[in-house]
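Every number here is computed from the coordinates shown, using simple stated rules; none is lab data. The shown structure was predicted, so the numbers you read here are calculated from the model rather than taken from an experiment. A quick note on method: Cβ atoms are made from the backbone with ideal geometry, for glycine too, and the neighbour counts reach across all protein chains shown.
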């Protein structure tokens, strides 16, 4: 049974409103400033790792967003003094504006806020006298705010998709009920 003109209009309006609501959700900036905790274990001989048994060279990749509050729980596995910093210009030295932890011989809990520089950079320990630069490094990727959350974490997007699904379901039920009788299954 073909869909009548009023039903087509209702379907068109419901679809338009659902798409409009979904597009508003995509246009809304996601809130940054997420708390991102990382535990990093370091050793001059074995590099960095998220556990004391997963040390590697290079260290594990990290992803954060601009504006995030990063908490690093830094632990020295070899008992030597280390530190941690983001080397924005890849010159293997700490420069002004590059986040740097305090030195730690056992462990330190340290916080910093991610700056507006996006891209993939090296994180390092700069204890040059001990040779940390050669082994204690990894990559950290800084993404624009809201990138890691994904579109479905935005309640407007999720609500729009849910509304669109409900509208399609209602139209299908109405069409089924208006058709008069259920379709006859083929007999063998």
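Pop the C-beta distance of residue 51 and residue 115 into the FRET formula with R0 = 30 Å and round what comes out to the nearest 0.05. Mind showing how you got there, number by number?
Working: r = 28 Å, r/R0 = 0.93.
It comes to 0.60.
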Quiz item: Put a dot 7 Å past each Cα toward the Cβ at residue 178 and residue 161; how far apart are the dots in nm?
Solution: 2.9 nm
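Work out the FRET efficiency for residue 10 and residue 147 from their Cβ-Cβ distance, taking R0 = 45 Å, and round it to the nearest 0.05. If you can, show how the numbers build up before the last one.
On the way: r = 37 Å, r/R0 = 0.83.
That pair, residue 10 with residue 147, gives E of 0.75.
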